[in-house]
Amino acid sequence: MEVIITKDSSSASAKAADLVAKAVRTKPDSVLGLATGGTPVELYKRLINMHKNEGLDFSKVRTFNLDEYIGLKPTDKQSYNFFMRENFFDHVNIPRENINIPDGMAADIPGFCSEYEEKIRRAGGIDLQILGIGSDGHIGFNEPTSSLASRTRIKTLTQKTVDDNARFFNGDKSLVPLHVITMGIGTIMDAKTIVLLAFGANKAEAVSKMIEGPVASMVPASALQLHPRAKVFIDRAASGKLVNTGYYDWVFERKPEWQKDI
Ligand code: F6R
């Protein structure tokens, strides 16, 4: 796991955006795994700017979103489908048919989840997966005790995640759906490259357990310790509970020239 501590969330988002842009320029039909939530919003803004001002072309890109609330229609403002259109898809040139988001209204949820897995396989797997992290250590909506080998399936949110996400539902916890469809940890781990972003002191505990704690299903993000190419971009506040920060900075400052842009 490569840990990159930046002075603020903006510089972390800029570095992550450069990485995504490079992946798309190198492989125009890249398969991107995408996340929602507050964390990746600036990353998406920067990619939109690159599309508008630097000709970054998404016309062959294919995307798979991590998760969606069960029971919300794509037209519901709190759905992740709506979020993705508003924050990214409506502003870049990804063809609609290349966009995949779990269907929170699927009548047959297990059937939908196996098809989603199959679609990812048929696309050749995810090249680059963007992730945030929950304050309880979740990735996607894989809550603590999720199997580290899990695939796309239904999950029930913890009270902590419901509380955290109520801010997207006008602060009304009772409106946050309890059930979700999420890629599994095994699904996420199959991505060739993983880029996780985490900002703010509220994430410091989860970040320290993810990076420096034992690999454990109680901290789903700790599975990334086993990934061959996971990059974690965090701001100073989110790095507040790490022990080894000096070493991460030391490594970053001394990267061999050939390693600098990968
Ligand atoms: C969203 C997702 C979640 C979020 C996490 C952090 O698609 O998969 O794991 O990344 O809940 O959310 P924010 O960024 O709102 O703090």
Fill in: segment 2-259, relative contact order in percent, only Cα pairs under 8 angstrom and at least six apart counted
24 percent
Discussion item. In Å², and per residue, what accessible area does segment 1-146 have when probed at 1.4 Å with the other protein chains present?
Written reply: 40 Å²
Fill in: Where trypsin sites (Lys or Arg not before Pro) fall in DSSP loop in segment 135-176, at most 13 other Cβ within 10 Å
none
Worksheet item: Expressed as a whole number of Å, what is the distance separating the alpha-carbon centroids of segment 210-242 and segment 94-154?
Response: 20 Å
Discussion item. Can you give me the % of accessible surface on segment 2-259 that is carbon or sulfur? Probe 1.4 Å, all protein chains present, nothing else counted.
Written reply: 54 percent
Worksheet item: What is the set of long-range amide H partners of Phe141 at a cut-off below 5 Å, with H atoms built 1.01 Å from backbone N?
Response: Met183
Worksheet entry | Antiparallel DSSP beta bridges within the chain, percent to nearest 5 | 30 percent
Response to the item:
Loop-resident trypsin sites (Lys or Arg not before Pro) in segment 21-113 with no more than 13 other Cβ atoms inside 10 Å, DSSP not H/G/I/E/B, are Lys77
Worksheet item: Which lysines does Lys73 reach when only Cα atoms under 19 Å apart count, and residues fewer than 8 places away in its own chain are ignored?
Response: Lys155, Lys173
Worksheet, complete the sentence: Amide H contacts under 5 Å for Leu196, restricted to residues at least 5 apart in sequence or on another chain and with H modeled in the peptide plane, are Leu131, Lys231, Val232, Phe233
Worksheet entry | Inter-probe distance in nm under a simple model that places probes 7 Å from Cα toward Cβ, at Met105 and Lys22 | 4.1 nm
Discussion item. Taking amide H atoms as placed 1.01 Å from N in the peptide plane, list the residues 5 or more away in sequence, or in a different chain, whose amide H sits under 5 Å from that of Asn65.
Written reply: Leu34, Asn100, Ile101
Discussion item. Taking 4 °C and 1.567 mPa s as the conditions, I'd like the Stokes-Einstein D for segment 2-259 in µm²/s, using the Kirkwood hydrodynamic radius from alpha carbon pairs.
Written reply: 70 µm²/s
Worksheet item: Relative contact order for segment 115-262 using alpha-carbon pairs under 8 Å, separation at least 6, rounded to a whole percent?
Response: 27 percent
Discussion item. Which of the three applies to segment 53-167, rounded, prolate or oblate, going by the alpha-carbon gyration tensor with a ≥ b ≥ c and a/c under 1.5 meaning rounded?
Written reply: prolate
Worksheet, complete the sentence: tail above 17 Å in the computed P(r) of segment 139-252, as % of all Cα-Cα pairs, reads 60 percent
Item to complete: Give me the lysines in straight-line cross-link reach of Lys192: C-alpha distance below 19 Å, same-chain residues under 8 apart excluded.
Response: Lys15, Lys22, Lys27, Lys60, Lys119, Lys231, Lys260
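The values are calculated or read from the model by the stated rules, or taken from the named source; none is laboratory data. What you see is a predicted model; the values in this text were computed from it and never measured. In this analysis, Cβ positions are derived from the backbone assuming ideal geometry, glycine residues included, and neighbour counts consider all displayed protein chains. Only protein heavy atoms, including side chains, enter the accessible area calculation; ligands, DNA and RNA are left aside. Shrake-Rupley method; radii C 1.70, N 1.55, O 1.52, S 1.80 Å.
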